[in-house]
């Protein structure tokens with residue numbers, strides 16, 4: 001996903017600006033993996049294969065996100081408890 005597009009996104013819950021942490025980019029500087037976080041509500045939205053997962057908590061598929069979060073925990077030393085809803 002292009003950074004310009006990501007900069008237009010806001011938190012779907014409180015409409016606040018999101019902070020971007022880039023974990024991986026392609027040669028065109030598109031974000032392939034990363035995290036969008038909201039300082040206001042403390043929600044974190046992963047960017048997986050260039051797609052931000054911004055569904056409401058009750059619709060997020062933890063079983064799909066879990067392997068990616070686990071890999072990020074190892075590769076990037078991220079705390080998985082702060083990345084998954086609920």
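Within the range 42-67, can you find the residues that are modelled with pLDDT of 85 or more and surrounded by 12 or more Cβ atoms within 10 Å (Cβ to Cβ)?
The answer is 43, 44, 45, 46, 47, 48, 50, 52, 53, 54, 55.
Determine which single condition residue 19 fails, assuming it passes every other condition in (1) within 13 Å of the chain's Cα centre (by Cα); (2) closer than 21 Å to residue 64 by Cβ.
Residue 19 satisfies all of (1) within 13 Å of the chain's Cα centre (by Cα); (2) closer than 21 Å to residue 64 by Cβ except (2).
The values are calculated or read from the model by the stated rules, or taken from the named source; none is laboratory data. Computed from a predicted structure; not experimentally measured. Quick reminder, even Gly has a Cβ in these numbers, built from the backbone with ideal geometry, and neighbours come from all protein chains shown.
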